[in-house]
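This report concerns only the one structure given below.
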Amino acid sequence: MLAVAQFILVLDTTVMNVSISQVAEDLNTTIVGMQTAITFYTLVMASFMLLGGKLGDRWGGKKAFVIGLLIYGVGSLTTALAPNITVLLIGWSFIEGFGAVLVIPALVSITAITYSGKQREVQAIDGISLTVEAKEAVAIQGPSGCGKSTLLLACGALLRPTGGAVLVAEADPYQLSANARSAFRAQNIGFVFQQFHLVPYLDVQQNILTANVPNRQPHPVERAEELIRHFGLEDRRRHVPAELSVGERQRVALARALFHRPKLVLADEPTGNLDPDNAVTVLDALREYADAGAAVLMVTHDPHAAQRAHRVLHMDRGHLV
């Protein structure tokens, strides 16, 4: 009996040691697995948040946000949780990466700006405050000489106001050096003028590519060709401005302004020289660009332009009224 009892005691001790060892090994495996999973999911979230932010700049907020919700919904509705944690995180990361959809920042913020001539005989802008947000097209109307174009130049970092502050994409361009301010304009602002300002000896494609000179982008010819197709200028690709109609010249000028995908587009009487059909083409393009996520601020006398804007402001004698 004693021998049997000793055998059982040895057997129990062996089993207990094996069990403790197995539990410790399983626990260690679980901890390592959790650390690996946490690292993996952290990398997944970071990668997709970065991807979301990059693609959000190109796609615009609404489409991106819907994609994120759909991905998140697929993970939420699937019953097997473990295999779909990645799907949940990817969807949420897309939503976070496209966070600008939820909080849309003001791309232009003007606070009490003024502008006077050198002799201070004319107060072209008198204490104007204004914000223009992403995904918004704003039209400013008013009589000639009321300060509309001066306001546009101040917003475009081309004319320093004598008072107040101008922020574009949350930065004050007038705090920059002249060279840095030029680089800032090239990267963030597109200009559309009534007089087109095309280079007379360059063809359509070359005129569009002049936008690549101060702010070089990869694959510039592909981008120029994309805009040529978008504005229906394929047959005019190798024509110089003198060989184009007025409407075609404005479409070239608009393509040049949009070449580097600016956050802000400033248009000074963009339809002033155009027939009704070409005016509609230009206005629709500006509205479409705003809807895609940019801000558009235009000065116009055209009532059709006002109809395509999200907001219409009226200006008189240097004031918004």
Close pairs from segment 208-222: first of a type in the set (Lys, Arg), partner open to solvent by less than 40 Å² (accessible area, probe 1.4 Å), Cβ under 9 Å, at least 6 apart:
none
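Across segment 290-321, what is the number of residues that are part of a helix (DSSP H, G or I) and polar (S, T, N, Q)? Show your work before the answer.
Keep residues of segment 290-321 that are part of a helix (DSSP H, G or I), which gives 290-291, 303-307.
Those left that are additionally polar (S, T, N, Q): 307.
Looking only at that region, the number is 1.
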Any residue at all in segment 250-260 that's in contact (Cβ under 8 Å) with a residue 12 or more places away in the chain and surrounded by fewer than 17 Cβ atoms within 10 Å (Cβ to Cβ)?
no
So which residues in segment 148-204 are within 30 Å of HIS239 (Cβ to Cβ), of a type in the set (D, E, K, R) and open to solvent by 40 Å² or more (accessible area, probe 1.4 Å)?
ARG185
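Hey, can you tell me all the residues within segment 132-149 that are over 11 Å from LEU320 (Cα atoms), at pLDDT 90 or above and over 17 Å from the mean Cα position of the chain (by Cα)?
So the first thing to find is which residues in segment 132-149 are over 11 Å from LEU320 (Cα atoms), and the list is 132-139, 143-145, 149.
Retained after the next criterion (residues that are at pLDDT 90 or above): 132-139.
Result: ALA139, single match.
Take VAL296 and decide whether it is β-branched (Val, Ile, Thr), open to solvent by 20 Å² or more (accessible area, probe 1.4 Å), modelled with pLDDT of 90 or more and within 23 Å of SER149 (Cβ to Cβ).
Numbers: β-branched (Val, Ile, Thr): yes; open to solvent by 20 Å² or more (accessible area, probe 1.4 Å): no; modelled with pLDDT of 90 or more: yes; within 23 Å of SER149 (Cβ to Cβ): yes.
No.
Determine whether segment 236-244 contains at least one residue that is under 23 Å from ALA294 (Cα atoms) and crowded, with 17+ Cβ neighbours inside 10 Å. Reasoning before the result, please.
Of segment 236-244, the ones under 23 Å from ALA294 (Cα atoms) are none.
No, the conditions are met nowhere in segment 236-244.
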Just the residues that are over 15 Å from the mean Cα position of the chain (by Cα) and of a type in the set (Asp, Glu), please, taken from segment 256-297.
ASP268, GLU269, ASP275, ASP277, ASP284
Among the candidates ARG261, ARG287, single out the residue that is at positive phi and either part of a loop (DSSP other than H, G, I, E, B) or among the charged types (D, E, K, R) (or both).
ARG261
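The values are calculated or read from the model by the stated rules, or taken from the named source; none is laboratory data. From a predicted model like this one, the values you see are computed outputs, not experimental measurements. Don't worry about glycine lacking a Cβ; one is built from the backbone with ideal geometry, like all the others, and counts go over all protein chains shown. Quick note on the areas: whole protein, heavy atoms, side chains included, nothing else; ligands and nucleic acids left out. Shrake-Rupley method; radii C 1.70, N 1.55, O 1.52, S 1.80 Å.
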